[in-house]
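The values are calculated or read from the model by the stated rules, or taken from the named source; none is laboratory data. Treat the numbers as computed from the prediction; the structure is a model and nothing was measured. Reconstructed Cβ throughout: ideal geometry from the backbone, glycine too, with neighbour counts over all protein chains shown.
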Amino acid sequence: MPRILIVEDDDRIRTALRLMFEGEGFVVDDAPTGEVGVALFNRMAADIAIVDIMLPAMTGFETCQALRASSDLPIVIVSARDETADVVLGLESGADDYVTKPFVPEELLARVRAHLRRRPDKSAKAFALGRLHVIPDEGVVRQHDGTELHLTSTEFRLLTDLASANGKILSREDLLERVWGYDYFGDSRLVDVHIRRLRTKIEPDPSNPLYLVTVRGAGYKLVL
Amino acid sequence: MHRRSLRLRLLVTFGLGAFLLSSLFAALTYVGVKHVLVNDQQQSDLRQSFVNAALVRSTLYTSPPELANLLNSIQKATASDVLIQTHNQWLSKSSGAATQDVSQEIILAADAGHATEQTLYVNQHSIFVVGVPIPAVETQFFEVFQLGKLERTLTILLQVLGAGAILTSLVGIAGGLWVTRRTVRPLERVSAAAALIAGGELTTRLVTRNTDREVQQLTESFNAMVSQLVERLERDARFASDVSHELRSPLTTLATTATVLSQHRDELSPVAQQSLDLLVADLSVFQSLVEDLLEITRSDAGAAPVLIETVPAIELVRQSVRSGAQHHGLVAPPIEVAPDVGEPLVSVDRRRFERAMTNLIDNAHHYAGGAVAVRISVEGNRLVIDVDDAGPGVPTDERERVFQRFFRGRAAHDRGIARGTGLGLALVHDHVLTFGGTINVDEGPEGGARFEISLPLIEGGDE
């Protein structure tokens, strides 16, 4: 049974979410604050987390960072605001996805399932990216000195999917479908922020990318 | 309607006023001065004539032969022509022309023993004729004075006064211009600012520097009024936005709880199941309404920044249609791209565009049984996106109003239950306008409605 961590300060929403996910066969850990959520997660690691942005003391962003520091679990943030700044900040704090209130519960469920369905693509061949070695079957990226470069599962997936396209351009839509497993929802900001985050990790100069290049008006491609 | 221009009126008033006043002043001066000068001249001429007549008389008494010399010296002294009739004999030292200048009237009067004077206008010159009878020696003395010198003086005076009048008029017009600048310019600025504000430039204010007190007051009142209005507008927009915002949390609970209930639908009695279905159906309407309200009020309040990016149009439409259709669990309508379209680029806010397409497809679903096709073509330098359905179409008289907020056409009423939010098309309209596009509704090729979005193309599409 998948285990889900729900961090939400609104009692009623939290309870409703708990009931819904339990009804769908999840084991639910719920927490009213970020601190409690992180403590719960450290005691019993969940498979996925839903984190509200507007939390009392420790914000949703900080909670994401704290969870991300110890795990690659998918994090979906829930925001009552969908201003781009919030979305970008949330994704940059380590979240993989976001939904805005009032969300359609079925959509949230579908997204959570899509995240859980995703498994690292172990079949992809290893490849070199400048001084980095990407080894999909181990799920790691090694730097030239042999140390591991840490990528989240979404970032890793993004990188390997772009690599398996063999230099072809992938549109944001393609990437949403391949990386997030979404048929329809999600918006292009999700892709853009993740690309940016990935660049800061793999590019020597993230503002002038050598490998992960934007093709204006079309999408992204990986230059090997 | 033709309106008189205040600027023109002020100018004409000032110019004409100055002209009339200065002309009147000049005319009065001229007439007065002329009167005084001519009078003085005539008085002195008259006195001179009497003195001369006395001289003639004494000469005729004492030594008549000296008369010629006397006349000579008189003419030399007074620059006049002298005529003497003695014992019905004419005696003159002057040119013959002077004889004609003395009218019969004066001669008769002098003959009758009356001293007379007369001002005549001969050969474009004024002359002053004096007739003095000298009955003691049966002689009449006539003297003709030329007023030419006086006339020259008066002509110069007239010219000076005329020039003065013209100058004054010009000064009047200049004054008018200045007054116009001081009074009409602020009015024009106010009206320009008001027009800008009406056009949506709410940050427009009047500049308060360097103005008269009255204009300063107008400017300050105007600015205060605009600030008040803007504040009011913002407060209203924020209020609507806040209300929608406050609905988010309870709505999230409601929707999630309804989902939980649906999970346990089988355990419910038939009545409870039916109630649940009603609840779920209207919750989704409620949810759409709140989403639309949030979207539209955020745009109104300027809270949602517009992120315009240049994107390939066909991919954009394809993705938007797909996500729009599936967002509501519908089948995406086919997308037909005209053969000559190429790879056009458009500048839009992606999220807003997707929202607009979603709403159009949703609208077709609610009122026309779903969109039949989305057709993309290029007309000149604009991209045209048609969303066609095979429904009843939009009546001609509703085609403008269908984009108004909460407008419900006959189609909505005919269906008994209006499932739309009443904001969908208004939102489409607002969003499309944000990208510099237009939207209108027409009759589609399938006989239903055709919603036509037209967006400006961005150069460099086929690079």
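Looking at residue A:62, is it assigned to a helix (DSSP H, G or I) and within 14 Å of another protein chain (Cβ to nearest Cβ)? If you could, list the steps in order and put the result at the bottom.
Values: assigned to a helix (DSSP H, G or I): yes; within 14 Å of another protein chain (Cβ to nearest Cβ): no.
Against the criterion (assigned to a helix (DSSP H, G or I) and within 14 Å of another protein chain (Cβ to nearest Cβ)), residue A:62 does not qualify.
Looking at the stretch B:254-305 only, could you name the residues that are of a type in the set (A, V, I, L, M, F, W, C) and in a loop (DSSP other than H, G, I, E, B)?
B:268, B:303, B:304
What number of residues within the stretch B:354-412 satisfy the criterion of being at pLDDT 85 or above, farther than 19 Å from residue B:291 by Cβ and part of a helix (DSSP H, G or I)?
Residues meeting the conditions: 5.
Do any residues in the stretch B:259-270 that are on the phi > 0 side of the Ramachandran plot and away from chain A (no Cβ under 11 Å) have Cβ atoms under 6 Å from those of residues that are surrounded by 12 or more Cβ atoms within 10 Å (Cβ to Cβ) and not polar (S, T, N, Q), where the two are at least six apart or on different chains, and which pairs are they?
none
Looking at A:198, A:109, A:170, which one is out of contact with any Leu (no Cβ under 7 Å at 6 or more places or on another chain) and surrounded by 15 or more Cβ atoms within 10 Å (Cβ to Cβ)? Give the derivation first.
On the way: A:198 fails: out of contact with any Leu (no Cβ under 7 Å at 6 or more places or on another chain); A:170 fails: out of contact with any Leu (no Cβ under 7 Å at 6 or more places or on another chain).
Matching residue, one of A:198, A:109, A:170: A:109.
Name every residue in the stretch A:66-100 that is away from chain B (no Cβ under 14 Å), over 9 Å from the mean Cα position of the chain (by Cα), in contact (Cβ under 8 Å) with a residue 40 or more places away in the chain and farther than 15 Å from residue A:47 by Cα, in order of residue number.
A:92
Among A:40, A:19, which is the only one that is facing another protein chain (nearest Cβ under 9 Å), without any contact (Cβ under 8 Å) to a residue 60 or more places away in the chain and not in a loop (DSSP other than H, G, I, E, B)?
Values: A:40 fails: facing another protein chain (nearest Cβ under 9 Å).
The match here is A:19.
Checking residue B:318 against (1) away from chain A (no Cβ under 12 Å); (2) more than 23 Å from residue B:288 (Cβ to Cβ); (3) in a helix (DSSP H, G or I), which single condition isn't satisfied?
(1)
So is residue B:232 out of contact with any Lys or Arg (no Cβ under 9 Å at 6 or more places or on another chain), away from every other protein chain (no Cβ under 14 Å) and within 30 Å of residue A:100 (Cβ to Cβ) or not?
When the stated conditions are applied, residue B:232 passes them.
What residue, of B:281, B:255, B:325, is small (Gly, Ala, Ser), within 28 Å of residue B:243 (Cβ to Cβ) and within 11 Å of another protein chain (Cβ to nearest Cβ)?
Selected residue: B:255, the only one of B:281, B:255, B:325 that is small (Gly, Ala, Ser), within 28 Å of residue B:243 (Cβ to Cβ) and within 11 Å of another protein chain (Cβ to nearest Cβ).
Scan (1) under 18 Å from the mean Cα position of the chain (by Cα); (2) more than 14 Å from every other protein chain (Cβ to nearest Cβ) for the single condition residue A:143 breaks and write down its number.
(1)
Taking the stretch B:21-74, which residues are buried (at least 17 other Cβ atoms within 10 Å of the Cβ) and under 30 Å from residue B:163 (Cα atoms)?
Within the stretch B:21-74, B:22, B:23, B:26, B:38, B:41, B:42 qualify.
Go through B:215, B:171 for me and flag whichever is of a type outside the set (D, E, K, R), assigned to a helix (DSSP H, G or I) and at pLDDT 85 or above.
Working: B:215 fails: at pLDDT 85 or above.
From the options B:215, B:171, the qualifying one is B:171.
Being within 27 Å of residue B:285 (Cβ to Cβ), surrounded by 17 or more Cβ atoms within 10 Å (Cβ to Cβ), within 14 Å of another protein chain (Cβ to nearest Cβ) and at pLDDT 90 or above is true for just one of A:30, A:11, A:52. Which residue is that?
Result of the check over A:30, A:11, A:52: A:52.
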